[in-house]
Amino acid sequence: MQLTLEFGGGLELLCDSVKIHQVNVDPQDGEKKLTMKQLLGWVRSNLIKERPEMFMKGDSVRPGVLVLVNDCDWELSGQLDTTLDEKDVVVFISTLHGG
Amino acid sequence: MDIVETKPKGRLCSICNQNRAALKRPKTLEQICKDCFYEVFEEEIHRVIVDNQLFKSGERIAIGASGGKDSTVLAYVMSELNHRHNYGLDLFLLSVDEGITGYRDDSLETVKRNEIQYGLALKVVSYKELYGWTMDEIVKLIGLKNNCTFCGVFRRQALDRGAALLKVDKLVTGHNADDIAETVLLNILRGDIARLSRCTSITTGEDGPIPRCKPFKYTYEKEIVIYPFCCIMVFISCLFFSALLVFSLPHKPCYLFDFIFYAYITSENLNLLFTYAYFKRLDYFSTECIYSPNAYRGFAREFIKDLERIRPRAILDIIKSGEDFRISMYTKMPEQSNCERCGYISSQKWCKACVLLEGLNRGLPKLGIGRSRDLNNEQNKIIKQGNETRSIQSKQCGTLDF
């Protein structure tokens, strides 16, 4: 499944300073849909090169990291249970930086 | 807990009931669409300004602008509301150049573009010209411990001096609700009663030459970060058109600026200025101070974010608790007078900036940092510290009434 992932607010520094990633992620065996929970695991092991604790805490993003799925706050779509479709855009922005 | 089967396509904005909700407001837990958010966000700040009588018509106001998200959104919202509601204010941008290579020099470029975009005059004051030291030089001397103390103390004065040069009546800063909640916690942890009692005031320093105020006092950081995102959808078609125009131009290095410029002129709507903030995201979201990883504040910050996740209102509640602290009349507070050396407001003989600066210039950078025991070998400091210790001991620790 093709997805566009965007990192901002300093998170891009954790993945070689690249902000926008076009990626191909498939649902895990036996699952029909890819969920945010699976995507986070995938991002952590495939895109994040350093200090993963700046991005994740437990199995979710670290508090203070905003997640937008297709320009929509993931708190409205069920956070970790949000299911993703082909060509979805997922944005991660850290708010833990100075103003 | 929200249990959502499918994507929230059917979930409508709780204000207009027409568009798809795009975010959940941390303050109210309302689910609202972009258009409504945009309106609610600005009108809430307008209410804060009006209810607290932050400004009077005809005043000259400096906006402390770092090039970061808070101050950029503040500069935009202030100039927008000033127009829309006829505040009659003269707005200026004021920036401090701490001299941090790879951080401040980049973000200052951002502020310079703000200057042109919002049509606001910009004044930059630098640590180098005010104190003779850049932060790069200070860090080289003292390392990454306590460097934020120097930066914070120097910045505070630098903003005041810049504001005096601009001859403004007030200084507004982009401190948001999250910042203020953090400060309340920090002041409790440090036992700093004097600061605890004033850190939640929306306007401070009214008795001084240049009062400061915080129009974002009740604004969540989450909303400030999302705000630029929301506007993009509204103007996406204009943007596309502008993109076509700009990418056909030969001079690529400043395409960002051109992009915005054309976006602006292709729309009759003033709000399109906002596209600028969206694209500025490219600049400002990555500006994390390269010298800050050791700052104590970071711990408070993380704690606040943890609380917010569990219960978003916690941030406003902490601010409210901070406001409701009543410091006993019997508590001896530091007396405000003026620094004998530079004349800046100070509770000691010398202001903190002068003490720190003296330490730097004499090669004793620990001067003025930390507690008295660190300074024992410093002759004249012992005298000074003696006074300080006495005054702390004689200070009743204050019964705090709620």
What's the total number of residues in region B:104-120 that are open to solvent by 50 Å² or more (accessible area, probe 1.4 Å) and either among the aliphatic types (A, V, I, L, M) or outside any helix (DSSP H, G or I) (or both)?
2
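Mind listing whichever residues of region B:27-44 are among the charged types (D, E, K, R) and either more than 14 Å from B:Asn82 (Cα to Cα) or open to solvent by 20 Å² or more (accessible area, probe 1.4 Å) (or both)?
Within region B:27-44, the subset among the charged types (D, E, K, R) is B:27, B:30, B:34-35, B:39, B:42-44.
Selection gives B:Lys27, B:Glu30, B:Lys34, B:Asp35, B:Glu39, B:Glu43, B:Glu44.
Quickly run through region B:25-47 and pick out the residues that are part of a helix (DSSP H, G or I) and out of contact with any helix residue (DSSP H, G or I) (no Cβ under 8 Å at 6 or more places or on another chain). Quick ask: steps written out before the conclusion?
Kept after step one, since they are part of a helix (DSSP H, G or I), are these residues of region B:25-47: B:34-47.
B:Cys36, B:Glu39, B:Val40, B:Glu43, B:Glu44, B:Arg47 - these are the residues of region B:25-47 that are part of a helix (DSSP H, G or I) and out of contact with any helix residue (DSSP H, G or I) (no Cβ under 8 Å at 6 or more places or on another chain).
Conditions tested, residue by residue: (1) at pLDDT 90 or above; (2) closer than 22 Å to B:Ile310 by Cβ.
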residue: A:Asn46; (1), (2): yes, no
residue: A:Pro52; (1), (2): no, no
residue: A:Asp71; (1), (2): no, no
residue: A:Gly78; (1), (2): no, yes
residue: A:Asp81; (1), (2): yes, yes
Working only within region B:163-200, note down all residues that are closer than 26 Å to B:Ser95 by Cα and either among the basic types (Lys, Arg) or assigned to a loop (DSSP other than H, G, I, E, B) (or both).
B:Lys167, B:Val168, B:Asp169, B:Lys170, B:Thr173, B:Gly174, B:His175, B:Asn176, B:Arg195, B:Arg198, B:Cys199, B:Thr200
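Report the residue count in region B:50-71 for those that are assigned to a loop (DSSP other than H, G, I, E, B), away from chain A (no Cβ under 14 Å) and open to solvent by less than 60 Å² (accessible area, probe 1.4 Å).
At the first step, the residues of region B:50-71 found to be assigned to a loop (DSSP other than H, G, I, E, B) are B:52-59, B:65-68.
Now narrow it down to the ones that are away from chain A (no Cβ under 14 Å): B:52-59.
Remaining after also requiring open to solvent by less than 60 Å² (accessible area, probe 1.4 Å): B:54-55, B:58-59.
So the count comes out to 4.
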For region B:312-348, which residues satisfy the criterion of being part of a loop (DSSP other than H, G, I, E, B), modelled with pLDDT of 80 or more and surrounded by 14 or more Cβ atoms within 10 Å (Cβ to Cβ)?
B:Pro312, B:Arg313, B:Phe325, B:Cys339, B:Arg341, B:Cys342, B:Tyr344, B:Ser347, B:Gln348
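Would a scan of region B:153-172 turn up a residue that is of a type in the set (A, V, I, L, M) and closer than 17 Å to B:Gly359 by Cβ?
Within region B:153-172, one or more residues are of a type in the set (A, V, I, L, M) and closer than 17 Å to B:Gly359 by Cβ.
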Among the residues of region B:122-147 satisfying the criterion of being farther than 23 Å from B:Arg341 by Cα and either within 19 Å of the chain's Cα centre (by Cα) or open to solvent by less than 30 Å² (accessible area, probe 1.4 Å) (or both), which is modelled with the lowest pLDDT?
B:Gly143
Which numbered condition in (1) under 24 Å from B:Tyr296 (Cβ atoms); (2) surrounded by fewer than 16 Cβ atoms within 10 Å (Cβ to Cβ) is the only one that A:Asp59 fails?
(1)
Are any residues in region B:72-88 closer than 22 Å to B:Ala164 by Cα and either within 14 Å of chain A (Cβ to nearest Cβ) or in contact with a His (Cβ under 8 Å, 6 or more places away or on another chain) (or both), and if so, which ones?
B:Thr72, B:Leu74, B:Ala75
Consider region A:69-81. How many of its residues are within 14 Å of A:Leu3 (Cα to Cα) and more than 7 Å from every other protein chain (Cβ to nearest Cβ)?
2
Out of (1) under 26 Å from B:Arg11 (Cα atoms); (2) within 12 Å of chain B (Cβ to nearest Cβ); (3) not charged (D, E, K, R), the one A:Gln38 does not meet is (2)
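Considering each of B:Arg11, B:Arg47 in turn, give the residue that is within 13 Å of chain A (Cβ to nearest Cβ) and open to solvent by 60 Å² or more (accessible area, probe 1.4 Å). Quick ask: steps written out before the conclusion?
Values: B:Arg47 fails: within 13 Å of chain A (Cβ to nearest Cβ).
It is B:Arg11.
Residue-by-condition table, conditions (1) open to solvent by 90 Å² or more (accessible area, probe 1.4 Å); (2) in contact (Cβ under 8 Å) with a residue 24 or more places away in the chain:
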site	(1), (2)
A:Leu11	no, yes
A:Cys15	no, yes
A:Val18	no, no
A:His21	no, yes
A:Asp29	yes, no
A:Lys32	yes, no
A:Trp42	no, no
A:Lys49	yes, yes
A:Met54	no, yes
Given the conditions (1) within 14 Å of chain A (Cβ to nearest Cβ); (2) open to solvent by 50 Å² or more (accessible area, probe 1.4 Å), and given that B:Ala300 satisfies all but one, which numbered condition is not satisfied?
(2)
Pull out all pairs, ordered by first then second residue, where Cβ-Cβ is under 7 Å, the residues are six or more apart or on different chains, the first lies in region A:84-99 and is open to solvent by less than 10 Å² (accessible area, probe 1.4 Å), and the second is of a type in the set (D, E, K, R) and modelled with pLDDT under 85.
A:His97/B:Glu288
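The values are calculated or read from the model by the stated rules, or taken from the named source; none is laboratory data. Bear in mind that the values here come from a model prediction, so they are computed numbers and not experimental data. Virtual Cβ from ideal backbone geometry, glycine too; neighbours counted across all protein chains shown. When the accessible area is computed, the model is the full protein with side chains, heavy atoms only, and any ligands, DNA or RNA have been set aside. Shrake-Rupley method; radii C 1.70, N 1.55, O 1.52, S 1.80 Å.
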